[in-house]
Amino acid sequence: MSEEETTAGAKEQSAVVDSTLLERVQQFQEREGAVVGLTAIVVALFPWIFARAPFISDFLQGYQSLATLILIWGIFAIGFDLLLGYTGLLSFGHAAFWGGAAYAAGVIAKNVSGDPIVMVLSGTVFAILLAWVLGFLSLRRGGIYFSILTLAFAQMFYFMAASPLAFLTGGENGLTGVDVGSLFGMIHLEADLPSVLGTLLGTGLYAFVGVFFVGAVALAYRILNSPYGMVFRAIRENEQRAEFVGLNVWRYKLMAFIISGAFAGVAGSLFTIHGSYVPLQSLFWTESGDIVVMTVLGGAGSMFGPVLGAALYLYIENIVSTIQALTIPFTGIVLVNDFGYYWHLLLGIVFVAVVWIVPDGLWGMLRKVRDIVVEFIGGMR
């Protein structure tokens, strides 16, 4: 056998190995149990790595409350991506569901029951009903008109909460005095969990939010891999063709809007439980803008991309913004004073760089790294 034939055979064998590895990875991603199980493992390890692990947590400067907040916004981002990334509908009014559910949960806690389960259920039901009404009105128009309508409705709720409904919402001061009760009357969410659970998860609140996060991933995965998810993708790719094959596109778009609102409702309710307070800002249009940035930054149209986007956004907002001065390591030379003051500028630079270099977002970047690693492993074999 000649040298050329040997080289060609080696390349062909390497390509087969690469293909086999990629197929195994894809098969793993298609298994719902494997995806949900791996998500649960990551959720269990995340607060320890982020806030308590030696060296790593010191470098990241993370803390328990921020880990919980990342999961809450992650639920919001997953639901929003069902609408934007998979159905192709850009809403600028999701603050109405996030903030509306937060207020609903807070009002219920102050006047009816502070049980965390009751708060989440009440906030989610409110968000679902609100999404049905706003979706019914907004989806009569498409494109930019739909986006502007959702923004207008959300701002309307913001101004209603600021003044006419101030007796209920607290006006510009927000809803204060929210007393979150014990879970099932026994478990105090703010308390640390015992033994190993406390080392890994930290507080009962993180465990409570983590259960909802894993449930959100499981539900989103089931929806996206069902006929409903296929219809959502068909609408995103070509709405007219979807109509031509007999699908009631408007009804499916409304359902996508309601499902997305439900995810936002769960997240908004958990946000109230997390802070025991509802700021008026939660209804402002910037909250809607934040979730759009998180989703696009992480990678719209991917399950976990928006979660990565939310994590990076919140990390820059809460950790990087506290940095007093940017110095050159091991030299003490100060490059920028009050570095944290410019965190919005840094976030903008990161967003532009990611969208420009990797249009698929952070998740697309990880996929490219995965393909390079698989190709490298195949070459070694």
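The values are calculated or read from the model by the stated rules, or taken from the named source; none is laboratory data. Not measured: the values here are computed from a predicted model. In this analysis, Cβ positions are derived from the backbone assuming ideal geometry, glycine residues included, and neighbour counts consider all displayed protein chains. Only protein heavy atoms, including side chains, enter the accessible area calculation; ligands, DNA and RNA are left aside. Shrake-Rupley method; radii C 1.70, N 1.55, O 1.52, S 1.80 Å.
Computed values, structure above
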{"quantity": "Spacing of the two label points (7 Å from each Cα toward its C-beta) at Leu129 and Asn238, in nm", "calculated": "4.2 nm"}
{"quantity": "Charge sum, other residues only, whose C-beta stays under 14 Å from Gly301's C-beta, Lys/Arg counted +1 and Asp/Glu -1", "calculated": "0"}
{"quantity": "Principal-axis tilt of helix 305-318 within the chain, Cα atoms, nearest 10 degrees", "calculated": "60 degrees"}
{"quantity": "Extension gain, Arg31 back to Asp371 (0.36 nm per residue minus Cα-Cα distance, nm)", "calculated": "120.4 nm"}
{"quantity": "Residue-count net charge about Gly361 - beta-carbon cut-off 13 Å; Lys, Arg +1, Asp, Glu -1", "calculated": "0"}
{"quantity": "Listed candidates [x] 194; [y] 278; [z] 140 - label of the one calculated as volume of the Cα convex hull per residue in Å³", "calculated": "[x]"}
{"quantity": "With DNA, RNA and ligands ignored, accessible area of Arg367 (1.4 Å probe; Å², nearest 10)", "calculated": "120 Å²"}
{"quantity": "Total charge dipole magnitude, the chain, about the Cα centre, Cβ charges on Lys, Arg, Asp, Glu only, Debye to nearest 20", "calculated": "840 debye"}
{"quantity": "Charge-dipole axis of the chain as Lys and Arg at +1 and Asp and Glu at -1 on Cβ define it, positive-most pick from Tyr228, Leu134, Val292", "calculated": "Leu134"}
{"quantity": "Cut-off 13 Å between beta-carbons: net charge of the residues surrounding Gly99, Lys and Arg +1, Asp and Glu -1", "calculated": "-2"}
{"quantity": "FRET E, pair Met156, His344, Förster distance 35 Å, beta-carbon r, rounded to 0.05", "calculated": "0.85"}
{"quantity": "Nearest-ten-degree value, helix 285-298 long axis tilted from longest Cα axis of the chain", "calculated": "10 degrees"}
{"quantity": "Longest exposed-site-free window of the chain, the sites being chymotrypsin sites (Phe, Trp or Tyr not before Pro) in a DSSP loop that have at most 12 other C-beta atoms within 10 Å", "calculated": "185-329"}
{"quantity": "Heavy-atom accessible surface of the chain: percent carbon and sulfur, 1.4 Å", "calculated": "67 percent"}
{"quantity": "Computed [θ] at 222 nm, deg cm²/dmol, the chain (DSSP H ≥ 4; -39,500 (n - 2.57); rounded to nearest 500)", "calculated": "-23500 deg cm²/dmol"}
{"quantity": "Between 0 and 90°, nearest 10: helix 249-275 axis offset from the chain longest Cα axis", "calculated": "70 degrees"}
{"quantity": "Per residue value of the accessible surface for the chain (all protein chains in place, 1.4 Å probe), Å²", "calculated": "51 Å²"}
